[in-house]
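The values are calculated or read from the model by the stated rules, or taken from the named source; none is laboratory data. These figures come from a predicted structure and were not determined experimentally. Neighbour counts run over all protein chains shown; Cβ positions are idealised from the backbone, glycine included.
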Amino acid sequence: MQKDPIRIVILGGGTAGWMTAAGFIKGFKPEFASVRLIESDEIGTVGVGEATLPQLKSFNDFLGLNEPEFMRDTNATFKLGIDFRNWGREGDSYIHPFGIHGQAINGVPLFQYWLKARANGHDSDLESYSFPIMACRNLKFDFPSEDDRSVRSTFAYAYQFDAVLYARYLRRWAESKGLQRTEGKVVEVNLRPEDGFIRSLTLASGEVVEGDLFIDCSGFRSLLLGQTLKVPWEDWTPWLPCDRALAVPCDRAGDFTPYTRATAREAGWTWRIPLQHRTGNGYVFSSRFTTEDRAAEVLLAGLDGKAQAEPRLIKFAAGRRKQSWYKNCIAIGLASGFLEPLESTSIYLAQMASDFVMRLFPGKDIDPKLVAEFNRTIDIEYDRVRDFLILHYHANQKPAEEDPTGLWRYVREMTVPDTLIEKMETFKHRGHIHRYRDGLFAPPSWIAVYTGQNILPRNYDRQVDNMSTEAMLEKMREMQERVAVNVEVLPTHADFLRDYCFDPSAKMMQEAGNV
């Protein structure tokens, strides 16, 4: 029987810190664990991205957050995917959906039937079979149906929001549940001489905060895991050379899209994220291939509306700590690693890490087996995300006239990780993609990038030959029609958001579940 609660000390706020704190407050009884968060208003947060993945809805549901309230308080919009423009060649556009490319036929993914149809001269648009993609293309939104027979059950959704407001929202929620927050700046990290574990943190006020488990959410500084415990950094910039971002909000203008846009530029890519009150914009670029002045020029020239501020520069490096859990310290968020915001993975990686901590939560004595399992799982997650991001760059076909800086030639010709080479070769054979039990980027995600950037398999799954070509084409036409008919009757993203978030009676819409 545990006599005293385990003392958890979280260093740093921001999205990672407050998500971790909120999860712990919800997941652990006070008699089991006490949670204290230390942050300093003098130290800003990075706030690189404002777009998320569908897993965040699961986190919000775990906390029991009221969705309309959360969306109002964070100026959130809905997100069904990401629109990638100019990544293969100039003028290309494809959407990475949070859903599938059509429902399976006789247990075989529709993608395989599409490959056979294409091999037989029937070259239809793969996106036309995807309900979330066509909803994006038509600026529509509704909640998924709970009837798994419906084409409207074939997707999930995420959010686009102000990350600073989300951290504040979680802070209010956590403090209302009893979280102890301390305003203060750490001036010294005190180690136990017998084993090198962290014993306490000394604040500028003179207060000494002791703990049993320390969570490092101090951002790129990685004050505990990196600076104090000296856990090495693994550099991935040779594969992901972008090392700067300029961010700027602008007045809302243009299409109110239920998706984020990522447009390839001369030395990187720009993002566009529509929120309720403004549009978030940024340019992720490589300082090896352009200057900050030129990047600002490109960014500002592409805005939909008037800039609301001067572009803010953020410097970073792609990579991770070689261990995210060392001794009695666990790094979460940017203190653990950073992979650029191309696929909105930063918040997910912080969420996933805090979830794994709760699953493997130690006693006051740290079990090395739990540490090893945590680090193994984190490594797998980071490696998979890394490979997926590299694919976007590596699979470009830009000729010299579309590549004035040379960035795109570099990433196309660079040597990529063996794990990515294996994935690409397996796909090119007959469209096979390994299914993960847990983690990000299921087959539809890879299919979207491969086909969107003009990589297609040489063969198809021969199980589709069990159906005649005529019957196959008829099934595919029926599916296209179902998608088109269902998308047509959806409300626009703007109308749905207005009714759901600002009309209290509209909360019942979430439970309607149209088929």
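From the list D255, D304, pick out the single residue that is in contact with a strand residue (DSSP E or B) (Cβ under 7 Å, 6 or more places away or on another chain), on the phi < 0 side of the Ramachandran plot, modelled with pLDDT under 95 and surrounded by fewer than 20 Cβ atoms within 10 Å (Cβ to Cβ).
Numbers: D255 fails: in contact with a strand residue (DSSP E or B) (Cβ under 7 Å, 6 or more places away or on another chain).
That would be D304, the only listed residue that is in contact with a strand residue (DSSP E or B) (Cβ under 7 Å, 6 or more places away or on another chain), on the phi < 0 side of the Ramachandran plot, modelled with pLDDT under 95 and surrounded by fewer than 20 Cβ atoms within 10 Å (Cβ to Cβ).
Results for (1) under 27 Å from A76 (Cα atoms); (2) in contact with an Asp or Glu (Cβ under 7 Å, 6 or more places away or on another chain); (3) buried (at least 17 other Cβ atoms within 10 Å of the Cβ), shown as yes or no for each residue.
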{"site": "G107", "(1), (2), (3)": "no, no, no"}
{"site": "W114", "(1), (2), (3)": "no, no, yes"}
{"site": "S128", "(1), (2), (3)": "no, no, yes"}
{"site": "D148", "(1), (2), (3)": "no, no, no"}
{"site": "Y159", "(1), (2), (3)": "yes, no, yes"}
Pick out the one residue from A158, A104 that is closer than 18 Å to P444 by Cβ and touching a strand residue (DSSP E or B) at 6+ places or on another chain (Cβ under 8 Å).
A158
Checking I433 against (1) surrounded by 18 or more Cβ atoms within 10 Å (Cβ to Cβ); (2) assigned to a loop (DSSP other than H, G, I, E, B); (3) touching a Gly at 6+ places or on another chain (Cβ under 8 Å), which test does it fail?
(3)
Go through the stretch 271-317 residue by residue and tally those that are under 25 Å from the mean Cα position of the chain (by Cα), more than 23 Å from W239 (Cβ to Cβ) and charged (D, E, K, R).
4
Subset of the stretch 185-222, residues more than 27 Å from the chain's Cα centre (by Cα) and at positive phi, comes to G196, G206
Do any residues in the stretch 147-166 that are over 21 Å from G99 (Cα atoms) and at pLDDT below 95 have Cβ atoms under 6 Å from those of residues that are surrounded by fewer than 22 Cβ atoms within 10 Å (Cβ to Cβ) and not small (G, A, S), where the two are at least six apart or on different chains, and which pairs are they?
D162/N75
For Y166, state whether it is surrounded by 20 or more Cβ atoms within 10 Å (Cβ to Cβ) and assigned to a strand (DSSP E or B).
no
Quick check on my filter: what residues within the stretch 283-300 are out of contact with any Leu (no Cβ under 6 Å at 6 or more places or on another chain) and either buried (at least 24 other Cβ atoms within 10 Å of the Cβ) or free of Cβ contacts under 8 Å to residues at least 24 places away in the same chain (or both)?
V284, F285, T291, D293, E297
Need pairs with beta-carbon distance below 8 Å; first residue assigned to a helix (DSSP H, G or I) and within the stretch 463-490, second of a type in the set (D, E, K, R); sequence gap 6+ or separate chains.
V464/K116; D465/K116; T469/K116; M472/K116; N486/R152; V487/K140
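I'd like to check something: does the stretch 60-72 contain any residue that is touching a Ser or Thr at 6+ places or on another chain (Cβ under 7 Å), crowded, with 18+ Cβ neighbours inside 10 Å and either at pLDDT 95 or above or not in a strand (DSSP E or B) (or both)?
No, the stretch 60-72 contains no residue that is touching a Ser or Thr at 6+ places or on another chain (Cβ under 7 Å), crowded, with 18+ Cβ neighbours inside 10 Å and either at pLDDT 95 or above or not in a strand (DSSP E or B) (or both).
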Any chance the stretch 102-120 includes a residue that's within 27 Å of the chain's Cα centre (by Cα) and charged (D, E, K, R)?
no
Taking the stretch 212-228, which residues are at pLDDT 95 or above and either part of a strand (DSSP E or B) or aromatic (F, W, Y) (or both)?
L213, F214, I215, D216
Please find, among L490, L456, L473, the residue that is more than 17 Å from P132 (Cα to Cα) and within 27 Å of the chain's Cα centre (by Cα).
L456
Can you pull out every residue in the stretch 415-431 that is in contact (Cβ under 8 Å) with a residue 12 or more places away in the chain and not small (G, A, S)?
V416, P417, T419, L420, K423, M424, F427, K428, H429, R430
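Hey, can you tell me all the residues within the stretch 229-244 that are outside any strand (DSSP E or B), in contact (Cβ under 8 Å) with a residue 12 or more places away in the chain and either surrounded by fewer than 15 Cβ atoms within 10 Å (Cβ to Cβ) or on the phi > 0 side of the Ramachandran plot (or both)?
Initial filter on the stretch 229-244 (outside any strand (DSSP E or B)): 229-232, 236-243.
Restricting the remaining residues to those that are in contact (Cβ under 8 Å) with a residue 12 or more places away in the chain gives 229, 231-232, 236-243.
Correct list: P232, T237, P238.
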